[in-house]
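Engineer: Before I ask anything, here is the structure I am working with.
The values are calculated or read from the model by the stated rules, or taken from the named source; none is laboratory data. Keep in mind that what you see is a predicted model, and the values were worked out from it rather than measured. Neighbour counts are summed over all protein chains in view; Cβ atoms, including those assigned to glycine, are modelled from backbone coordinates with ideal geometry. Remember, those area values only see protein heavy atoms, side chains included, never the ligands or the DNA or RNA. Shrake-Rupley method; radii C 1.70, N 1.55, O 1.52, S 1.80 Å.
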Amino acid sequence: MPAETPHLHLLAKAPLAGQAKTRLAPLLGLEGAACAHAELVRHCAASACKALPAENVTLWTALDHVHPLFIELREAFGVALSAQPEGDLGARVRYALNSTPGPAMLMGSDCPSITSTLITACAQQLARFDVVLLPAEDGGYGFVGTRQDYPALFEDIPWGTKSVLSITKQRIRQLGLSAAYPETIWDVDRPEDWQRWKSAPISV
């Protein structure tokens, strides 16, 4: 771990049926999709807390900030809970990254392919690079680390599209920042993603 241990932020919705992982519903139903989401959040929180001390991990909540899942994770791991602010994804990501001093990292709660080993590697890379990204197979990214505030990385990005990563890389070049891309990861959005994970579970 680098001398200045980064803070890691996790974004997570409460696992409410009809509001979480709805694209899994054709396979699992709405209740099943919500349960799948809860399982993913637990997995990612465990990976984060295996890689870093709990005091360096914050779980940013949405939909229901006092949902039993969030209380469970706070009690199990000792992570801090904070409510996600209003705004698009870019605004919420930037807010979280700048809520703690020093270098910071952020990951989604639906990327079981981001292991604790990979989180540790990203933290080490952040000691040498301005930005660390884990590109996702779908054209986005599932993890970002920054050493300071770079507003342009998160403004006017077409979130949820296949061009997120390419536009972000372009911004990084325009800003003259150094960047590392340690590994390509995948997230769980569609039924085939869920089956992929269930067929070859990834350890934390």
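Engineer: State yes or no: is F77 touching a helix residue (DSSP H, G or I) at 6+ places or on another chain (Cβ under 9 Å) and under 24 Å from C122 (Cα atoms)? Break it down into steps so the answer makes sense when it comes.
Structural biologist: Details: touching a helix residue (DSSP H, G or I) at 6+ places or on another chain (Cβ under 9 Å): yes; under 24 Å from C122 (Cα atoms): yes.
Spelling it out, F77 is indeed touching a helix residue (DSSP H, G or I) at 6+ places or on another chain (Cβ under 9 Å) and under 24 Å from C122 (Cα atoms).
Engineer: Among what's in the stretch 148-171 and is of a type in the set (S, T, N, Q) and not in a loop (DSSP other than H, G, I, E, B), pick the residue that is surrounded by the fewest Cβ atoms within 10 Å (Cβ to Cβ).
Structural biologist: Taking the candidates together, the pick is Q170.
Engineer: Tell me, which residue of the stretch 179-204 that is polar (S, T, N, Q) and over 19 Å from A121 (Cα atoms) is modelled with the lowest pLDDT? It would help to see each step written out before you state the result.
Structural biologist: In the first step, residues of the stretch 179-204 are kept if they are polar (S, T, N, Q); the result is 184, 195, 199, 203.
If we keep only those that are over 19 Å from A121 (Cα atoms) too, we end up with 195, 199.
Details: Q195: 95, S199: 92.
Applying the filter and picking the extreme gives S199.
Engineer: Right, next: Looking at the stretch 113-139, I want the residues that are in a loop (DSSP other than H, G, I, E, B) and have a partner that is open to solvent by 10 Å² or more (accessible area, probe 1.4 Å) and of a type in the set (F, W, Y) with Cβ atoms under 6 Å, at least 6 apart or on another chain. Which pairs are those?
Structural biologist: S113/W186; E137/W186
Engineer: With respect to I185, is the statement that it is among the β-branched types (V, I, T), open to solvent by less than 50 Å² (accessible area, probe 1.4 Å) and under 18 Å from the mean Cα position of the chain (by Cα) true?
Structural biologist: It is true that I185 is among the β-branched types (V, I, T), open to solvent by less than 50 Å² (accessible area, probe 1.4 Å) and under 18 Å from the mean Cα position of the chain (by Cα).
Engineer: Then there's this: Which of the residues that make up the stretch 97-119 are more than 11 Å from the chain's Cα centre (by Cα) and either among the aliphatic types (A, V, I, L, M) or at positive phi (or both)?
Structural biologist: The answer is L97, G102, A104, L118.
Yes or no, residue by residue, for (1) crowded, with 18+ Cβ neighbours inside 10 Å; (2) closer than 17 Å to L106 by Cβ:
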site	(1), (2)
A33	yes, no
A36	yes, no
L40	yes, yes
A51	yes, yes
A54	no, yes
L59	yes, yes
E75	no, no
Q84	yes, yes
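Engineer: Filter the stretch 100-136 down to residues that are among the acidic types (D, E) and crowded, with 20+ Cβ neighbours inside 10 Å, then give me how many there are.
Structural biologist: 1
Engineer: Here is a follow-up. Restricting the search to the stretch 36-58, which residues are of a type outside the set (D, E, K, R) and out of contact with any helix residue (DSSP H, G or I) (no Cβ under 6 Å at 6 or more places or on another chain)?
Structural biologist: H37, L40, V41, H43, C44, A46, A48, L52, P53, N56, T58
Here's the yes/no breakdown for (1) within 22 Å of K21 (Cβ to Cβ); (2) touching a Ser or Thr at 6+ places or on another chain (Cβ under 9 Å):
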| site | (1), (2) |
| --- | --- |
| G90 | yes, no |
| L97 | no, yes |
| G102 | no, yes |
| T115 | yes, yes |
| T120 | no, no |
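Engineer: For the stretch 61-71, give me each residue that is free of Cβ contacts under 8 Å to residues at least 12 places away in the same chain and open to solvent by less than 70 Å² (accessible area, probe 1.4 Å).
Structural biologist: Residue satisfying the conditions is I71 alone.
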